[in-house]
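Chemist: There's a structure below that I have some questions on.
The values are calculated or read from the model by the stated rules, or taken from the named source; none is laboratory data. In this text the structure is predicted, and so the values were computed from the model without any measurement. Note that each Cβ is placed from the backbone with ideal geometry, even for glycine, and that neighbours are counted across all protein chains shown. Just the protein is used for accessible areas: all its heavy atoms, side chains included, with ligands, DNA and RNA removed. Shrake-Rupley method; radii C 1.70, N 1.55, O 1.52, S 1.80 Å.
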Amino acid sequence: METQIKAVLVDDENDSIEVLTYLLHKYAPEIEILGRANNVEDAFYKISSLNPNLVFLDIQMPKEDGFSLLKKFESINFEIIFITSHNQYAINAIKFNALDYILKPIAIEEFKITITKATDAIFKKNYSNPQVINLINHIEKQHNDLKIAVHKGDKVKMIAVEEIISIDAEGRYSNLTMINKEKHTIAKYLKDIEMYLINDQRFLRISKSTIINVCFIKEYSKNSPYFIELTNGYLYEIPRRKRTEILKKLKAIK
């Protein structure tokens with residue numbers, strides 16, 4: 001039975017492709033390199049014609065970036081390992097959506113771990129299509145119309161962040177409270193959600209365990225005791241150490 005993984009490498013820098021080729025030959029000989037591409041147009045042609053089950057995709061490329069390439073496909077039936085050097089906003093989104101990435105310059109141990117995760121997903125046919133679609137929407141729309149994937153049995157429901165009133169931490173999980181009174185629990189640390197929403201000014205972390213959507217503030221106190229009341233009746237105390245910072249942000253809201 002054929003088990004070899006077939007890959008296409010996409011990077012605008014030939015030196016980077018050569019380094020990646022060397023590392024794959026040395027540490028992942030089970031991966032066959034079908035083709036290489038330096039731009040979006042060539043990459044789209046080669047992926048469409050060669051049908052790889054793994055694509056190494058550089059995020060930063062001239063003219064069109066890696067996300068522009070993904071938007072050209074009607075369906076994404078291959079696993080993706082993103083490659084980036086400094087795009088922190090993209091890295092936050094990639095991590096939040098539980099997708100694999102490699103940082104330049106490439107660290108060998110991290111490279112091997114990422115390869116193992118991707119190959120396991122391929123052999124299990126557990127492709128990351130919903131996460132990739134959500135990532136593309138995130139990057140394309142910045143904070144407008146962002147969504148969070150909520151798993152319900154064998155289905156994935158996409159929740160619009162604008163409908164979230166508050167997010168409360170519960171260990172390694174986070175509880176989302178919605179404007180329609182629904183509640184959803186996702187397997188994400190609050191700090192990961194905070195980074196995912198970092199460019200969205202509607203969301204404010206008011207304590208170690210809570211993020212609120214400022215659009216749903218009913219009232220807040222300017223004097224002790226300090227609190228914030230949301231439109232759904234939830235009342236949050238503002239921690240003493242964060243009072244000055246949070247009140248300053250709230251006063252700046254137009």
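Chemist: Quick one: is ASN137 assigned to a helix (DSSP H, G or I), at pLDDT below 75 and polar (S, T, N, Q)? Walk me through how you get there before you give the answer.
Modeler: Numbers: assigned to a helix (DSSP H, G or I): yes; at pLDDT below 75: yes; polar (S, T, N, Q): yes.
Taking the combined requirement at face value, the residue satisfies it.
Chemist: Report yes if ILE212 is touching a strand residue (DSSP E or B) at 6+ places or on another chain (Cβ under 8 Å), under 30 Å from ALA90 (Cβ atoms) and touching a residue at least 60 places away in the same chain (Cβ under 8 Å), otherwise no.
Modeler: Numbers: touching a strand residue (DSSP E or B) at 6+ places or on another chain (Cβ under 8 Å): yes; under 30 Å from ALA90 (Cβ atoms): yes; touching a residue at least 60 places away in the same chain (Cβ under 8 Å): no.
Judged against the criteria, ILE212 is not a match.
Chemist: Here is a follow-up. Quick check on my filter: what residues within segment 204-227 are within 13 Å of ASP168 (Cβ to Cβ) and out of contact with any Asp or Glu (no Cβ under 7 Å at 6 or more places or on another chain)?
Modeler: Residues satisfying the conditions are ILE206, SER207, LYS208, ILE212, ASN213.
Chemist: Scan segment 1-30 residue by residue and report those that are aliphatic (A, V, I, L, M), part of a loop (DSSP other than H, G, I, E, B) and within 15 Å of ILE106 (Cα to Cα).
Modeler: First, the residues of segment 1-30 that are aliphatic (A, V, I, L, M): 1, 5, 7-10, 17, 19-20, 23-24, 28.
Next cut, part of a loop (DSSP other than H, G, I, E, B) only: 1, 28.
ALA28, the sole residue that qualifies.
Chemist: Could you check segment 206-244 and list, in sequence order, the residues that are assigned to a helix (DSSP H, G or I) and open to solvent by less than 80 Å² (accessible area, probe 1.4 Å)? Show your work before the answer.
Modeler: Of all residues in segment 206-244, those assigned to a helix (DSSP H, G or I) come to 214-216, 240-244.
VAL214, PHE216, LYS242, ARG243 - these are the residues of segment 206-244 that are assigned to a helix (DSSP H, G or I) and open to solvent by less than 80 Å² (accessible area, probe 1.4 Å).
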